[in-house]
Amino acid sequence: MAFVALGQGSAGNSSAPKKASRVAFILLAPGMIYLGLFFLTPLVSLVITSLKTASFTGEIGMYDYGFQVSNYAYALDQYLPQITRSFIYALIATLMALLISYPIAYFIGVKARNKPILQAFLLTLVIAPFFISFLLRTFAWKQIFSNESPATQFLQSIGVLAPDQYVIGSSFAVIAGLTYNFIPFMTLPIYTSLERLDTRLVEAGADLYATPVQTFWKVTFPLSLPGVISGTLLTFIPISGDYVSASRDFLGGSDTAMIGNVVEANFFRIQDYPTASALSVMLMAAIVVLVSVYVRKSGTEELL
Amino acid sequence: MKFSLGKWLLPTYVTLAFIFTMIPIGYTFVFSFNKVEKSNIAWKEFTFDNWLNMCDQPVVCEAFGNSLAIAVISTLISTALGTAIAIALGRYKFKGRSATNLLLFLPMATPEVVMGAGLAAQFLNVGISKGFWTIVVAHVMFTLSFVVVTVKARVATLDPRLEEAGRDLYANASSVFWRITFPLLLPGIMAAAMLSFALSFDDFIITQFNSGPETTFPKFVYTAAARGIPPEANVIGSLVFIVAIAIVMIVQVRASLKAKKLRA
């Protein structure tokens, strides 16, 4: 993994007193054992389950331990459209969230810097959506996009939508819902980066006859890059696995299903645990590869 | 001074963006006052009934109670475990620090559906039946890293000389911790606990995979969405929102009052 170079921190602690390292061990052990038991081994369970074979009794939901690699081929073959759709939706929604969030973060972190009350108020507005269940918020979008809603009727009356054309169930509705739900995850890290931005650097850019646009791209944006990177990861990763917005009970339709919807359906409705697990393993593998490449390209190692 | 477009562009954009983010909150609130016969999709008539009788749909209130109980228990556990890890990371040198950091970072970089399905597959393979406590186990797992990150930031601001001073004055290790370290870390621990509570309370995906027959508030809303969410759910959502905003405002006002006192 590219996030942290393994084994780096061990240098120089030979001089650390024995007792201190025992205290550290006692502090660390319970939490790390917990993560080992309930985060790491479940990932192993997922791989084991993804290789199981159908039980020869033929009972629904019963599987035997095995090494059926073809489960992966089957999952890919059956659900390739949903897999690609997940990443396309996640990419578009992440970019949309960035477009909406960056100006907000810039305004709060730079423009409102010397107005603490305004800053506190706006930050509260940023996190306000967190305080209302995200399922209720997504359902509110269902109401807004619904066929009887004033918004839909307005769009139909001005001719943006044909009389028999609706927003609900479309890719647009799903991506809008995904974008909306993850805006705070994008805004907060960018805000944190911009808050620390030394405005004298921006002034220096202006002094050297750079236009505001040039200064932004040469000074401000590069300095906010760590925030942009964490923000895009914090939105892209959860969106790629989300299945609420794309669900047909919320904003989705007959062809908006994402990988999460398929995992959910295989796990609960058909109880095809091997396929559900194989899809999850592939999603995880894709995320690990994408994130490693992305983090290495953008040159930020320190994320925690 | 001439009118400049550039000067107004950003504030206008930001205002519009905030209106966009507030619309669904407004909708949830408004529709909690809707008089509903079949589905709460379109507006019918104004009524206070949903607020006055919000437990008329007993399932909603039961689900809400479960969510609160799960959030409280899992927050207590993950805050305790996470604070210990944060102190170890911030205060001690030890072997395997990078591996520790990696293991803490991974849950935050894993899609919920993967963690949820993985833990569910494990419960299935081991033969544990799912319910209230498996949800707690799952919530502690995914909130732990967020607690560590939040408390670690506070540990980094601690002045180690304060603890040294305590030891110089013959305080033993436990009284140094409880009378110096812990009180100084408390704001960070509280922030972490609030974050953990909010994450647990609002979690749906991991919960769905590990809940079995147990309902939580988000799970109830998800299941109800097919038939139409009862307005009582909007009432509870709006109530939680009001309480949470009130808490944030109290915290901020207190912080700014404290800052004023320090300046005076």
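The values are calculated or read from the model by the stated rules, or taken from the named source; none is laboratory data. Quantities reported herein were computed from a predicted structural model and do not represent experimental measurements. Virtual Cβ from ideal backbone geometry, glycine too; neighbours counted across all protein chains shown.
Filtering B:Ile236, B:Ile206, B:Ile229 for residues that are within 11 Å of chain A (Cβ to nearest Cβ), outside any helix (DSSP H, G or I), buried (at least 20 other Cβ atoms within 10 Å of the Cβ) and at negative phi leaves a single hit, B:Ile229.
Only one of the numbered conditions (1) more than 7 Å from every other protein chain (Cβ to nearest Cβ); (2) surrounded by fewer than 20 Cβ atoms within 10 Å (Cβ to Cβ); (3) outside any helix (DSSP H, G or I); (4) of a type outside the set (Phe, Trp, Tyr) is violated by B:Met54, and that is (2). Taking the criterion of being within 12 Å of another protein chain (Cβ to nearest Cβ), in a loop (DSSP other than H, G, I, E, B) and in contact (Cβ under 8 Å) with a residue 60 or more places away in the chain, no residue of segment B:115-129 qualifies. Applying the condition of being over 20 Å from A:Leu98 (Cβ atoms) and small (Gly, Ala, Ser) to segment A:203-224 and asking which residue is nearest to the other protein chains (Cβ to nearest Cβ) yields A:Ala206. Residues that are outside any helix (DSSP H, G or I) and either under 14 Å from B:Ala84 (Cα atoms) or among the β-branched types (Val, Ile, Thr) (or both): does segment B:160-180 have at least one? There is no residue in segment B:160-180 that is outside any helix (DSSP H, G or I) and either under 14 Å from B:Ala84 (Cα atoms) or among the β-branched types (Val, Ile, Thr) (or both). Restricting attention to segment B:130-151, the residues that are farther than 17 Å from A:Leu46 by Cβ, touching a Gly at 6+ places or on another chain (Cβ under 6 Å) and not β-branched (Val, Ile, Thr) total 2. Restricting attention to segment B:58-95, the residues being of a type in the set (S, T, N, Q), touching a His at 6+ places or on another chain (Cβ under 9 Å) and more than 9 Å from every other protein chain (Cβ to nearest Cβ) number 2. Within the option set A:Thr211, A:Thr215, A:Thr199, A:Thr179, being under 30 Å from A:Gly241 (Cα atoms) and not acidic (Asp, Glu) holds for one residue only, A:Thr179.
Give me the pairs, please: first residue somewhere in segment B:183-204 and within 30 Å of B:Ala225 (Cβ to Cβ), second residue anywhere and basic (Lys, Arg), beta-carbon distance under 8 Å, and either six or more positions apart or on two chains. Within 8 Å, the pairs are B:Phe204/B:Lys219.
Residues in segment A:244-285 that are of a type outside the set (A, V, I, L, M, F, W, C) and at the interface with chain B (Cβ under 7 Å from one of its Cβ atoms) were compared, and the one that is farthest from B:Val113 (Cα to Cα) is A:Asp249.
A:Met96 meets all of the listed conditions (1) at pLDDT below 90; (2) closer than 29 Å to A:Ile229 by Cβ but one, namely (1). Taking only pairs six or more apart or across chains, which ones have beta-carbon atoms under 8 Å, a first residue in segment B:34-56 that is closer than 20 Å to A:Phe139 by Cα, and a second residue that is assigned to a loop (DSSP other than H, G, I, E, B) and aromatic (Phe, Trp, Tyr)? Close Cβ pairs satisfying both conditions: B:Asn34/B:Trp43. The residues listed here are B:Phe64, B:Phe105; of these, the one that is over 30 Å from A:Val289 (Cβ atoms) and assigned to a helix (DSSP H, G or I) is B:Phe64. Could you give me the residue pairs with C-beta distances under 7 Å whose first residue belongs to segment A:114-138 and is at the interface with chain B (Cβ under 8 Å from one of its Cβ atoms), whose second residue is buried (at least 19 other Cβ atoms within 10 Å of the Cβ) and among the basic types (Lys, Arg) wherever it lies, and which are 6+ apart or on separate chains? From segment A:114-138, the pairs are A:Pro129/A:Arg137. More than 8 Å from every other protein chain (Cβ to nearest Cβ) and of a type in the set (A, V, I, L, M, F, W, C), is that true of B:Phe20? Judged against the criteria, B:Phe20 is not a match.
Tell me, which residue of segment B:239-264 that is within 10 Å of chain A (Cβ to nearest Cβ) and over 22 Å from the mean Cα position of the chain (by Cα) is surrounded by the fewest Cβ atoms within 10 Å (Cβ to Cβ)? Of everything passing the filter in segment B:239-264, B:Ala259 is surrounded by the fewest Cβ atoms within 10 Å (Cβ to Cβ). Within segment B:150-203, the residues that satisfy the criterion of being crowded, with 20+ Cβ neighbours inside 10 Å, of a type outside the set (A, V, I, L, M) and farther than 30 Å from B:Ala224 by Cα are B:Thr150, B:Lys152, B:Arg154, B:Gly188.
If I filter segment A:37-63 down to residues being surrounded by fewer than 19 Cβ atoms within 10 Å (Cβ to Cβ) and in contact with a strand residue (DSSP E or B) (Cβ under 9 Å, 6 or more places away or on another chain), which single residue comes out as modelled with the highest pLDDT? Per the stated criteria, the residue is A:Thr53. Taking segment A:144-168 as the range and being hydrophobic (A, V, I, L, M, F, W, C) and either closer than 25 Å to A:Thr192 by Cβ or outside any helix (DSSP H, G or I) (or both) as the test, the residues that pass are A:Ile158, A:Val160, A:Leu161, A:Ala162, A:Val167, A:Ile168. Return yes or no: is A:Ser86 over 30 Å from B:Ile242 (Cβ atoms), away from chain B (no Cβ under 14 Å) and surrounded by 13 or more Cβ atoms within 10 Å (Cβ to Cβ)? In short, no. Of the helices (runs of 4 or more DSSP H) that lie entirely inside segment A:172-269, those containing 1 or more residues that are in contact with a Pro (Cβ under 6 Å, 6 or more places away or on another chain), buried (at least 24 other Cβ atoms within 10 Å of the Cβ) and of a type outside the set (Val, Ile, Thr) span A:225-241.
Could you tell me whether segment A:149-170 includes any residue that is surrounded by 18 or more Cβ atoms within 10 Å (Cβ to Cβ) and at the interface with another protein chain (Cβ under 9 Å from one of its Cβ atoms)? Scanning segment A:149-170 turns up at least one residue that is surrounded by 18 or more Cβ atoms within 10 Å (Cβ to Cβ) and at the interface with another protein chain (Cβ under 9 Å from one of its Cβ atoms).
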